[in-house]
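These notes are about the structure you will find just below.
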Amino acid sequence: MEKKPYYITTAIAYTSGKPHIGNLYEIVLSDAIARYMRFAERDVYFQTGSDEHGQKIQLKAEEQGITPKQFVDEIAAEIRRNWDVMNISYDRFIRTTDPEHEKVVQKIFRKLYEQGDIYKGEYEGMYCTPCESFFTESQLVDGKCPDCGREVTYAKEEAYFFKLSNYQERLEKYILEHPDFIQPESRKNEMLNNFIRPGLKDLCVSRTSFSWGIPVDFDPAHVIYVWIDALSNYITFPGYDPDNGGSDNFRKYWPADVHVIGKDILRFHTIYWPIMLMALGLPLPKKVFGHPWLIVGDGKMSKSKGNVIYADDLVNEFGCDAVRFYLLKEMPFAQDGALTTELLIERINGELVNILGNLVNRTMAMTNQYFGGIVPQGYYDEAADRELISMASSLTGEVTAKMEDLKVSDAMQLIFNVLRRSNKYIDETQPWLLAKDESQKARLGGIMYNLLETIRICGVLLRPFIPETGEKILSMLNTDKCSYEDNTSFGALQVGTVLGETEKLFERIDAAKKLAELDKKKTQQAKPQEKSAPADEKEEESVTIDDFGKIRLVTGRILEAEAHPDADKLLVLKVDTGDRVRTIVSGIAKHFKPEELIGRNVTVVANLKPAKLRGILSEGMLLMAEDGDKLTFIAPENDTAPGSSIR
């Protein structure tokens with residue numbers, strides 16, 4: 001049966017600087033929705049990317065003495081790296097400097113001009129460079145930009161304008177007839193009452209005061225302004241072309257099922273964008289979700305406030321899944337959410353360790369102890385059994401309903417309600433007492449099966465939200481029963497399955513100790529950097545034998561080697577280290593060909609904390625000697641069994 005298409009987008013990130021954790025909430029939220037829809041057997045196309053034109057970028061590039069293209073290349077790579085740090089499963093990362101996009105945007109502008117929706121005039125007003133928006137004096141708040149609160153400057157220039165007013169009544173009618181088009185409800189009322197009904201003014205859609213943009217092909221003194229350039233990405237990259245209506249791929253996925261955006265750019269996506277689509281004769285997206293902001297401490301994140309938190313810093317301290325969990329579960333549907341380190345630690349300890357981790361560890365341990373690690377026969381007929389089984393059986397349908405409404409936090413809460421009930425079920429049934437009575441063996445087996453199957457159902461449902469954790473749970477259960485159909489009834493886990501190795505999902509955090517460590521790091525980073533001594537004058541920092549003893553070095557043997565699919569400098573190696581075969585990602589591609597490495601003995605740092613490198617988890621590091629531009633493997637002189645200790 002052909003899968004139903006599902007097209008989801010984020011707003012494209014502006015390439016003015018490194019994104020912070022508040023920016024990343026949107027991409028993590030969209031990723032969870034995309035992953036869930038794939039699980040629900042939809043044909044998902046998930047698009048994200050970077051917005052790379054505009055005056056602000058041109059000015060920043062000039063300040064650094066580089067071209068705008070060099071500037072956006074660096075920032076776009078940093079944005080994509082941050083997306084990868086958060087384990088984002090996008091289908092396409094787009095850039096508005098893509099030549100194909102630029103070509104289609106020029107065609108769109110020409111089409112709108114030729115049919116009379118765009119005309120040439122002159123703009124005079126107050127201009128906000130960060131927001132790239134013009135405002136009248138009456139629209140300013142205390143003389144500053146009403147959107148960002150920054151200073152504005154007077155500007156006057158020739159420009160092309162888009163006749164928004166021609167479509168005002170049609171847009172209002174559409175919004176009223178499609179009550180789910182703008183979500184949440186409060187955002188819809190804001191757009192209607194504050195912007196549309198008071199009257200739409202024609203929109204400036206070209207500029208002549210800077211050059212970093214897509215030229216108007218029939219009037220090259222003008223560059224196409226951000227609204228037509230950036231907003232069009234949602235149709236240009238799937239394959240829209242005004243000359244022929246677009247590709248089969250475009251017709252398959254458009255209209256988008258949902259645009260996920262920040263509430264601060266809702267006006268552009270629910271007024272300018274729909275009117276552009278109406279003018280092009282295209283259907284409107286089914287839904288625009290203006291998500292709330294992530295507040296740090298007592299305010300929205302900004303560099304000027306000094307309260308910016310970056311995703312990679314949080315992931316390094318707490319792990320990707322823990323950060324994803326917090327962002328997704330603690331952000332309400334319609335109100336702003338708060339992030340503090342204290343709350344993050346509290347949620348990790350309270351829900352990920354106490355509820356999820358504790359349930360999985362207890363159940364695995366009891367199954368190993370009482371049934372030799374083999375899934376026992378199911379058996380149930382008591383009230384506690386029926387309640388747990390009923391909750392687990394209906395969970396997938398209930399979560400799906402929440403996800404279709406984009407209520408991700410509510411969906412996760414449903415899963416954790418079942419996990420809590422499972423822990424209570426253990427306390428009610430007391431398997432440790434039943435294990436002492438051989439006549440209760442069948443009853444004990446039924447209880448363990450109910451727990452294992454409930455964990456399987458929850459583990460499958462957790463994968464869109466905390467993917468690595470969900471995979472670990474299914475690996476421990478040694479099951480491939482993870483389809484949507486498998487999850488709609490109770491009993492898919494096969495009796496007789498030999499469980500996999502138990503793995504601790506999350507470590508409990510000593511809050512006081514962790515907060516003290518983070519405060520110390522923050523203080524050290526805030527200190528002025530002392531001028532470094534010349535290289536030949538630097539003193540090496542001494543380490544103790546205890547420091548060295550913390551590093552576990554073992555021998556290994558390379559079994560497989562291949563180029564990294566997304567990085568020219570990296571090779572992906574499969575290395576036998578005795579205890580297991582590890583994946584190690586190493587930046588040695590320019591020194592060695594993959595086929596040269598098969599069978600080579602190496603030395604591996606075996607207890608290095610795993611890290612994702614361009615989307616692939618690396619579980620160790622190879623020791624190499626560097627001599628100028630030459631690399632040499634540090635390895636035992638004689639052939640040694642993989643896993644041998646090096647001391």
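Name the single residue, out of those in the range 383-404 being polar (S, T, N, Q) and more than 12 Å from residue 458 (Cα to Cα), that is surrounded by the fewest Cβ atoms within 10 Å (Cβ to Cβ).
Looking at residues that are polar (S, T, N, Q) and more than 12 Å from residue 458 (Cα to Cα), I get 390.
Residues in the range 593-630 that are touching a residue at least 12 places away in the same chain (Cβ under 8 Å) and farther than 16 Å from residue 571 by Cβ: how many?
Looking only at that region, the number is 7.
Within the range 135-150, work out how many residues are exposed (fewer than 12 other Cβ atoms within 10 Å of the Cβ) and touching a Lys or Arg at 6+ places or on another chain (Cβ under 9 Å).
Counting residues in the range 135-150 that are exposed (fewer than 12 other Cβ atoms within 10 Å of the Cβ) and touching a Lys or Arg at 6+ places or on another chain (Cβ under 9 Å) gives 1.
Find the residue count for the range 239-265, including only residues that are over 16 Å from residue 203 (Cα atoms) and either in the same structural domain as residue 328 (by TED's automatic domain parsing) or part of a helix (DSSP H, G or I) (or both).
Looking only at that region, the number is 8.
Could you please give the count of residues in the range 121-161 that are assigned to a strand (DSSP E or B) and of a type in the set (Asp, Glu)?
The number of residues fulfilling the criteria is 4.
Which of the strands (runs of 3 or more DSSP E) found entirely inside the range 566-647 contain at least 2 residues meeting this: closer than 16 Å to residue 553 by Cβ?
571-576, 581-586, 601-605, 624-627
In this structure, is residue 343 touching a residue at least 12 places away in the same chain (Cβ under 8 Å) and buried (at least 17 other Cβ atoms within 10 Å of the Cβ)?
Criteria not met by residue 343.
Restricting attention to the range 595-606, which residues are within 16 Å of residue 564 (Cα to Cα) and buried (at least 16 other Cβ atoms within 10 Å of the Cβ)?
Within the range 595-606, 597 is the sole residue that qualifies.
Here are 130, 184, 179: which of them is under 27 Å from residue 57 (Cα atoms) and either out of contact with any helix residue (DSSP H, G or I) (no Cβ under 8 Å at 6 or more places or on another chain) or not assigned by TED's automatic domain parsing to the domain that holds residue 408 (or both)?
130
Could you run through the range 117-134 and say how many residues are among the aromatic types (Phe, Trp, Tyr) and either more than 21 Å from residue 222 (Cβ to Cβ) or in contact with a Lys or Arg (Cβ under 8 Å, 6 or more places away or on another chain) (or both)?
Final tally of qualifying residues: 2.
Scan the strands (runs of 3 or more DSSP E) fully inside the range 1-120 and keep the ones with 2 or more residues being β-branched (Val, Ile, Thr) and crowded, with 16+ Cβ neighbours inside 10 Å.
4-10, 42-51
Could you tell me which of the residues 217, 202, 248 is among the charged types (D, E, K, R) and under 25 Å from residue 59 (Cα atoms)?
Selected residue: 217, the only one of 217, 202, 248 that is among the charged types (D, E, K, R) and under 25 Å from residue 59 (Cα atoms).
Output the residue which, of all residues in the range 162-206 that are assigned to a helix (DSSP H, G or I) and of a type in the set (A, V, I, L, M), is surrounded by the fewest Cβ atoms within 10 Å (Cβ to Cβ).
Looking at the filtered set, the residue picked out is 176.
Determine which member of the set 378, 372 is in the same structural domain as residue 353 (by TED's automatic domain parsing) and touching a helix residue (DSSP H, G or I) at 6+ places or on another chain (Cβ under 6 Å).
The unique qualifying residue is 378.
What are the residues in the range 467-494 that are assigned to a helix (DSSP H, G or I), more than 26 Å from the chain's Cα centre (by Cα) and surrounded by 20 or more Cβ atoms within 10 Å (Cβ to Cβ), if any?
The answer is 477, and nothing else.
For the range 458-470, state whether one or more residues are under 26 Å from residue 372 (Cα atoms) and acidic (Asp, Glu).
For the range 458-470, residues under 26 Å from residue 372 (Cα atoms) and acidic (Asp, Glu): absent.
Considering only the range 570-594, state which residues are surrounded by 14 or more Cβ atoms within 10 Å (Cβ to Cβ) and basic (Lys, Arg).
Result: 574, 582.
Inspect the range 90-100 for any residue being among the polar types (S, T, N, Q), touching a residue at least 12 places away in the same chain (Cβ under 8 Å) and under 30 Å from residue 159 (Cα atoms) and give the result as yes or no.
yes
Among 436, 424, 441, 402, which is the only one that is of a type in the set (Lys, Arg), without any contact (Cβ under 8 Å) to a residue 40 or more places away in the chain and either within 29 Å of residue 617 (Cβ to Cβ) or not in a helix (DSSP H, G or I) (or both)?
436
Only one of (1) buried (at least 17 other Cβ atoms within 10 Å of the Cβ); (2) aromatic (Phe, Trp, Tyr); (3) more than 35 Å from the chain's Cα centre (by Cα) is not met by residue 380, so which one is it?
Only one criterion in (1) buried (at least 17 other Cβ atoms within 10 Å of the Cβ); (2) aromatic (Phe, Trp, Tyr); (3) more than 35 Å from the chain's Cα centre (by Cα) is unmet by residue 380, namely (1).
Can residue 14 be described as in contact with a strand residue (DSSP E or B) (Cβ under 6 Å, 6 or more places away or on another chain) and within 17 Å of residue 253 (Cα to Cα)?
No: the conditions fail for residue 14.
The values are calculated or read from the model by the stated rules, or taken from the named source; none is laboratory data. Small disclaimer: the values here were computed from a predicted structure and weren't measured. Backbone-built Cβ (ideal geometry, glycine too); neighbour counts: all protein chains shown.
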